[in-house]
Structure formats: structure tokens, C-alpha cells
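Report on the structure given below.
The values are calculated or read from the model by the stated rules, or taken from the named source; none is laboratory data. Fair warning: this is a prediction, and the values are worked out from it, not measured in the lab. Methodologically, a virtual Cβ is constructed for each residue, glycine included, from the backbone with ideal geometry; neighbour enumeration extends over all protein chains shown. The protein model used for the area step is the full one, side chains on, heavy atoms only, and it has no ligands, DNA or RNA in it. Shrake-Rupley method; radii C 1.70, N 1.55, O 1.52, S 1.80 Å.
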Amino acid sequence: MLRTRILVIATAIVLLVIGLLVYGAWLRDQGARTAQDQLRLDGLAQTWALRGTSAIEHATAVIMARLEASAAIEAVAERDGPLLAGLGGSLFGRGPESEQLLRTDLYALDGNLLFSTDTRYFALHLLGQGEVLPLATDQPLIGARVGEGTLLGLSVVPLDFAGERVGTATIVLDLAPSIEAMARALDAEIAVLDRAGRLVLATGGDLSAALPHDFAIDRPTLVEVVDGERKLELASTLAVDVGGGRSATLVVIRDITRLAERQRFIDLAWLLGALLIGLGPLVLLWFYLRRAFEPLDEAVEAVRQLAAGRTDHYAELGSGTDEIGDIGRAIEVFRQNTLALERNADLEARRRRRQARFIRRQMMTLSETLDEEAQASAMEDLRQIETAVADGSPTTQDGTRFSDELGLIGVALERMTARVRSQQQALSELIDELREALEMKTRLISLEQELDIARQMQQNVLPRRFPDTPGFEIAAVMEPAREVGGDFYDIFQIDAHRVGIAVADVSGKGIPAAFFMLIARTLLKAIALEGAGPGRTLARLNDFLCGDNEETMFVTLFYGELDSRSGRFVYTNGGHNHPYLATPNAAVTALPSTDGMALAVFEQVSFPEKETTLGPGHRLVLYTDGVTEAFDDEGEMFGDARLAALLESDANHTAPDLLAAILDSLERFTAGAPQSDDITVIVIAGRSEGETRAD
């Protein structure tokens with residue numbers, strides 16, 4: 001409302017003015033308080049100078065008067081310690097004028113101590129020889145130091161005899177009485193802190209316990225702290241050493257709880273008074289606006305009723321020539337126009353309802369041409385239209401309101417048109433999908449037939465009958481992970497006594513790997529039959545494969561040649577898994593590596609050879625990584641350890657039995673998990689003499 005906005009603006013202005021006044025008063029108070037705090041710190045420094053420094057100067061004057069009236073200075077000049085000791089009792093005894101005096105020390109010109117009134121063996125000397133000499137000036141120096149559990153006043157005075165400097169006198173007095181007197185004069189407690197902030201002495205009471213740990217001791221400070229229900233004022237001044245610099249900090253502690261409460265009450269009363277002064281005009285303004293805006297409120301209510309369609313509402317606004325009269329006449333014209341619009345709207349609604357009934361009948365006829373689901377949806381739309389019209393609230397299913405039934409029928413007709421178009425489009429798409437599915441099925445059947453032929457060809461390429469190897473028994477198998485695989489093995493006769501044995505794993509899977517496998521196997525056998533030996537055979541095969549390898553495929557290959565007469569097995573390894581050798585005593589070891597790399601990677605690579613001897617009871621197992629890297633349904637690998645353990649447990653099995661045991665162990669381990677890689681295994685078992693004779 002306009003009245004509320006005016007009142008809010010006026011309130012904001014008044015509060016802003018009050019805030020500026022309060023802020024200005026606060027700034028002025030802070031400036032005055034800062035100046036007052038500095039004056040209080042200066043006064044505290046002067047009080048300390050009056051109490052502490054004057055006590056030191058007074059004691060110094062008394063002692064120097066005694067020294068000058070005796071032969072003590074001449075004894076210092078002559079370094080006569082016995083004479084000084086004899087004079088000590090009469091010269092340096094305490095009297096009423098020097099009751100704070102603790103000790104007097106006399107030093108020679110070179111800094112050596114000649115006499116001290118403190119004859120204790122472990123007496124604390126505030127100045128050593130190394131410090132007396134730098135302080136030996138022509139003028140007396142006074143200061144304070146912490147020592148013997150109190151704050152000590154220290155005076156360093158030059159000693160002159162016959163116009164020449166002959167030594168130095170140091171006068172030490174206890175400043176605790178001066179501090180007590182200063183505390184009484186200030187009606188406060190005083191705590192003395194050393195350079196490290198440790199408490200040296202306090203003048204009684206418990207206020208010193210409220211000193212915060214982070215209190216600034218390196219400069220004069222005036223702060224207020226809260227200790228439980230008390231509020232304390234801490235004011236500090238510095239005690240200066242004779243050599244300059246801070247030697248201690250005097251903290252004056254006063255309980256200002258009552259003073260703080262009184263100041264808080266004064267500030268609150270001032271703030272409340274300012275608020276009351278500001279709120280007075282606001283209250284008067286509110287009463288004036290309420291009286292002035294009553295006719296305008298009646299006019300607004302009349303307009304609101306007309307906007308809601310209630311034309312029977314009447315407002316008595318008068319017929320004067322002012323603004324209120326103009327508003328009243330305008331409202332009456334608005335009411336008459338609204339009545340005319342209502343009559344016209346009623347006539348238009350009747351006409352549109354007749355049109356809607358005709359369109360609805362045509363929609364029912366059209367819906368009979370749709371399928372059952374679309375027809376049911378169209379009839380549901382018509383049913384909702386009839387229900388909405390009967391309820392007098394035409395709306396769509398998503399809540400959109402329309403002015404009459406015709407609007408709803410238009411939406412329903414649009415939906416029916418979309419259903420007809422969608423039904424035709426779905427039928428066309430269904431026909432296209434059926435045609436594509438038939439073509440895809442034909443291609444898939446053809447591809448499956450081709451892959452089956454390729455698998456049969458690959459299996460036929462691998463040897464099923466192995467060369468006759470007296471004294472040895474050989475078994476092998478290759479199970480591809482897909483229709484065709486990239487693993488292969490080969491066992492072929494080189495000459496009358498030597499047999500070539502190879503197992504390999506081509507990178508990748510599927511058709512490309514199978515083709516590369518066939519090329520590698522064909523070349524390997526052709527080169528090996530020349531009898532060059534394992535190392536040279538793999539070297540030549542590697543160069544052939546590198547020559548035309550645009551797909552950058554590679555193959556890991558283990559190849560060895562077994563002499564059936566002696567059992568000598570010469571082999572080389574091109575980056576393949578190390579075969580396992582089981583001896584008759586069930587010891588299982590991996591064949592030593594020849595450090596060869598995979599084939600078809602780099603040209604002109606050599607493949608070193610190694611050899612071992614196979615005899616009766618020996619079992620050599622060659623395999624691809626599809627064995628050791630088989631996974632169970634939890635993602636765990638079969639691994640080399642399980643394969644080695646299987647060879648140890650099956651010590652006396654024949655080659656076919658051991659091969660069957662390996663495949664059975666893999667099947668039980670994977671437990672139905674999909675085969676992830678090709679599996680190839682070759683088992684070479686040395687027959688015992690009994691088995692050889694039986695054959």
C-alpha cells in the first residue's frame with residue numbers, strides 16, 4: 001500500500017539520521033577516550049618517576065654525601081680494600097634516610113670489585129666487570145632491574161679524586177616499598193613483570209591473577225579485561241634499565257566494575273532517548289496518513305470487487321471536484337462497462353456451445369476409423385470434455401484452462417489428428433524395420449556360416465596327430481575364446497630324431513589375429529625345417545613378420561627342438577610365458593628365460609638359446625596366458641601359483657591325463673564365467689622304462 005511505503009521510507013530516513021548521530025557521537029567519544037587514555041598513561045609514567053626514580057636519586061645523594069665526607073674515595077683511588085672494609089660499617093649503614101638501601105658496591109677504574117656491603121658468598125651482583133666498564137660515564141646513571149625476587153633500583157655513579165676519575169660506585173635499593181606507596185596513592189594493585197612477562201611481585205589482593213597471558217609488556221598499554229563478573233582496567237608503564245631499554249613492566253590493576261555499569265546505563269539511556277525523539281514524528285505521520293488515505297482505500301476495494309466480477313458492490317466516494325471524486329466517477333463507468341461485457345459474453349458462450357456439440361459428433365465418427373487403443377483414447381478425451389463442461393471448469397489433463405468447451409474440443413481434435421498421423425507413421429516404420437530385420441538375419445546367418453568354416457579350418461590346421469617321439473608322450477589343445485582365435489601350437493618332425501615344438505599367442509582376438517596366426521605358423525614351420533636351430537629360426541621369422549605388418553600386430557612365441565635320443569631340449573623364448581618343468585620328485589620350476597622379445601616388433605633382433613634335458617618322469621608344460629589369466633566370477637585370476645601347485649600334485653600322470661587335469665581345474669575355477677582369452681596347452685611327458693616297453 002502507498003501509505004505503508006511512505007511510512008517505511010520516513011522510518012528509514014529517521015533511523016538513518018539517528019544512526020548517523022549515534023555514529024558521530026561514538027567517534028567523538030572514541031577520540032576523547034583515546035586522548036584521555038594517553039593522558040592517564042603519561043600520568044602513570046610521571047607517578048612512577050616520582051615514586052621510583054626519586055627514591056633512587058635520594059639514596060644515591062645520601063651515599064655520595066657519606067663517601068665525599070670520608071676517605072673512601074681516596075681508598076678507591078689507591079685500591080685499598082682493607083681501609084674500605086674498615087670504613088664500611090660507618091659509611092654504608094642504613095638510616096632513616098636510606099631505609100630501602102640494600103647494597104653499595106665500589107669498583108676500581110678497571111671494573112674490579114673493591115668493596116661490597118653484601119658479604120654473602122653467593123651474593124647477587126647486578127653488575128659484573130664486563131658491564132661496569134661500558135656504564136662508566138661522567139654522569140650518574142639510574143635505572144631498575146629485576147633481582148632477588150623483587151624490583152631493584154640501581155644507580156651507577158662515577159668516583160673522582162683530585163680531579164681524576166678513580167672508580168665507580170653502584171647503589172642498589174629495594175623498590176618494593178615505593179611500589180606499595182604508589183599502589184596506595186592510586187587506590188589500585190600493582191604487578192611487576194620481568195622482560196619475559198613473568199610475575200616478579202604484586203602488592204597484594206587477587207587482581208594480579210587476572211592478567212591475560214597475551215598482555216603487551218613491551219610498551220605502555222591501557223586495556224580493559226573481564227574477569228568473571230568483574231571488569232578490570234590494566235594500565236602499564238616501563239621500568240628502564242641503567243643501560244637503556246626495558247627491564248620490567250609495572251601494571252596498575254583497578255576494579256572498574258561499578259564505573260563500567262554506570263557508563264553502560266548512561267549509554268543506554270542516551271540511545272533510548274534518541275529513539276523516542278525519532279519515533280515521535282513517525283507516530284504523528286502514521287495517524288495523518290491513516291486519516292488521509294481512508295477514501296483511497298474505499299476506491300481500491302471497489303476496483304478489486306469489480307475486477308472479481310462482483311458488479312453489485314458500491315462505494316460512497318462523493319462527487320466533489322478533487323482527486324477522490326474523479327476516482328469515484330471513473331469507477332462507476334467501469335462498473336457499467338463490466339455489466340455490458342458480461343451480457344455479451346453470455347451470448348457468445350451459447351453460440352460456441354452449439355458449435356462444440358457439432359464438432360464433437362464429427363470427432364466420434366472419425367474415431368471409429370482408428371485402432372482400438374487410439375479409439376479408446378479419443379473416446380476418453382470426449383468423456384473428459386463432457387465432464388469438464390458439466391462441472392463448469394474446462395481444463396485439459398495437464399491442467400491448462402480454457403474459456404469454453406470449444407477450446408477443449410480443439411485440443412482433443414489436435415490429439416486425434418496426431419494419433420492418426422502417428423498410427424500411419426508407426427505402420428511405415430514397422431514395415432521398414434521388418435525389411436531391415438530380414439536383411440540383417442540373412443547377413444548374420446551367412447556370417448555365422450563363414451565363421452564356423454573359419455573355426456573348422458583353424459582347428460584342422462592345428463596338428464591332431466603328433467610325430468612319433470620314442471621315450472616321450474605329447475598332448476596339446478587350443479580352445480579359442482571366440483569362433484576363431486589368435487593362439488596356435490605346432491609339433492612337427494624336423495629330421496629322424498628331432499621334433500619342433502611351438503606355442504604362440506598373437507596380439508588381439510578374432511579374424512585379424514587368426515590370419516596373423518596362420519602366417520606366423522606357416523613361416524615358422526618352413527624356416528624350422530631347414531634345421532637352423534631355435535634361435536636363428538625365430539630371428540628369420542621375426543624379420544619376415546616385420547617386413548609387411550601394417551596392422552602393427554605382434555606375437556609371443558616359445559619354440560624348442562627335442563632330440564628323442566638324448567632328451568636334449570634346445571629352446572628360445574620370444575616374449576612368451578615361461579613353461580613349467582616338473583621333475584620325477586614333483587619339483588616344479590619355470591624354464592630359465594632367454595630374454596627374447598615378442599616377434600614382429602623390431603627387425604634384426606637376436607634370440608638367445610638355452611637347453612635342458614628331459615628324461616623319464618619329466619613333464620614339460622607349455623601354455624599361453626589364457627591359462628594363468630583366466631578369471632572367476634569375482635574377478636580373481638587363476639595365476640601361476642595354481643598351475644604350479646597342480647603340476648606338483650599330479651606327479652605321475654600321463655601327458656593326456658595331465659592336460660585333462662589342467663582343463664578341468666580351469667573349468668572348476670572359472671565356474672561358468674565367460675572365457676576371456678584363448679587357451680592353449682602342450683604337455684610333453686618323459687615315459688618311464690616300463691611305459692616304453694609296454695608301447
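Could you look at the stretch 465-606 and say what percent of its accessible area is carbon and sulfur, using a 1.4 Å probe and all protein chains? Walk me through the numbers before you get to the answer.
Numbers: 3130 of 6000 Å².
Answer for the stretch 465-606 is 52 percent, counting heavy atoms of protein chains only.
Report the extension gain between ALA349 and ALA185 in nm, rounded to one decimal, defined as 0.36 nm multiplied by the number of residues separating them, less their alpha carbon distance. Walk me through the intermediate numbers first.
Numbers: separation 164, 0.36 × 164 = 59.04 nm, distance 10.23 nm.
Gain on stretching ALA349 to ALA185: 48.8 nm.
Using r as the Cβ-Cβ distance of THR613 and ILE511, and R0 as 56 Å, what FRET efficiency do you calculate, to the nearest 0.05?
Numbers: r = 41 Å, r/R0 = 0.73.
For THR613 and ILE511, the calculated efficiency is 0.85.
For VAL22 and GLN604, compute 0.36 nm times the residue count separating them, minus their Cα-Cα distance, and round to one decimal in nm. Could the numbers behind the result be given before it?
Details: separation 582, 0.36 × 582 = 209.52 nm, distance 9.48 nm.
My answer for the length gained is 200.0 nm.
Which order do the peptides 198-209, 230-241, 489-500 come out in when sorted by mean C-beta neighbours inside 10 angstrom, highest first?
Result, highest mean first: 230-241, 489-500, 198-209.
Be a star and scan the stretch 587-606 for residues whose amide nitrogen sits under 12 Å from the point 7 Å along the Cα-to-Cβ vector of CYS546.
Within reach of a label on CYS546: 597-606.
Please give the contour-minus-distance gain from ALA216 to MET637: 0.36 nm per residue of separation, less the Cα-Cα distance, rounded to one decimal in nm.
Details: separation 421, 0.36 × 421 = 151.56 nm, distance 7.00 nm.
Additional length available on full extension: 144.6 nm.
Count charges around LEU341 for me, please; just the other residues with Cβ under 13 Å from its Cβ, Lys/Arg as +1, Asp/Glu as -1. Working shown, then result.
Numbers: positive: ARG335, ARG343; negative: GLU342, ASP346, GLU348.
Cβ neighbours under 13 Å give a net charge of -1.
Residue by residue through the stretch 195-208, which ³J(HN,Hα) values in whole Hz follow from phi under the Karplus form 6.51 cos²θ - 1.76 cosθ + 1.60 (θ = phi - 60°), with glycine and proline marked x?
5, 8, x, 7, 6, 9, 7, 9, 8, x, x, 10, 6, 5
Below 8 Å, C-alpha to C-alpha, sequence gap of six or more: please give me the relative contact order for the stretch 529-617 in percent. Before the final figure, lay out the partial values.
On the way: 161 pairs, mean separation 33.1, N = 89.
So the answer I get is 37 percent.
Under a 5 Å amide H to amide H cut-off, with H placed in plane at 1.01 Å, what residues pair with PHE115 once short-range neighbours are removed?
LEU106
Within a Cβ distance under 14 Å of ASP267, other residues only, what is the Lys/Arg minus Asp/Glu net charge?
Neighbourhood net charge equals +2.
What residues qualify as long-range amide H neighbours of ASP227, i.e. H under 5 Å apart, gap of 5 or more or another chain, H built at 1.01 Å from N?
Amide H neighbours of ASP227, under 5 Å, 5+ apart: LEU232.
Carbon and sulfur: what percent of the stretch 140-245's accessible surface (1.4 Å probe)?
Details: 2320 of 4640 Å².
Carbon-and-sulfur percentage of accessible area, whole number: 50.
Along Cα→Cβ, 7 Å out, is where each label goes; now give me the distance between the ones at GLU301 and ALA69 in nm to one decimal.
10.8
Given the options GLY547, ILE519, LEU529, identify the residue whose Cα lies farthest towards the positive end of the charge dipole of the stretch 496-580 (+1 on Cβ of Lys, Arg; -1 on Cβ of Asp, Glu).
Among GLY547, ILE519, LEU529, the one farthest towards the positive end of the dipole of the stretch 496-580 is LEU529.
Rounded, prolate or oblate: pick one for the stretch 547-687, where a ≥ b ≥ c are the square roots of the eigenvalues of its C-alpha gyration tensor, a/c under 1.5 means rounded, and failing that, prolate if a/b is larger than b/c, else oblate.
oblate
Listed highest first by mean packing, meaning other Cβ atoms within 10 Å per residue, what order do 677-685, 55-63, 156-164 come in? Mind showing how you got there, number by number?
Details: 677-685: 24.7, 55-63: 19.6, 156-164: 15.2.
Packing order, densest peptide first, comes out as 677-685, 55-63, 156-164.
When ranked by the protection proxy of mean other Cβ atoms within 10 Å per residue, highest first, what sequence do the peptides 509-522, 427-440 form?
For the peptides 509-522, 427-440, the packing ranking is 509-522, 427-440.
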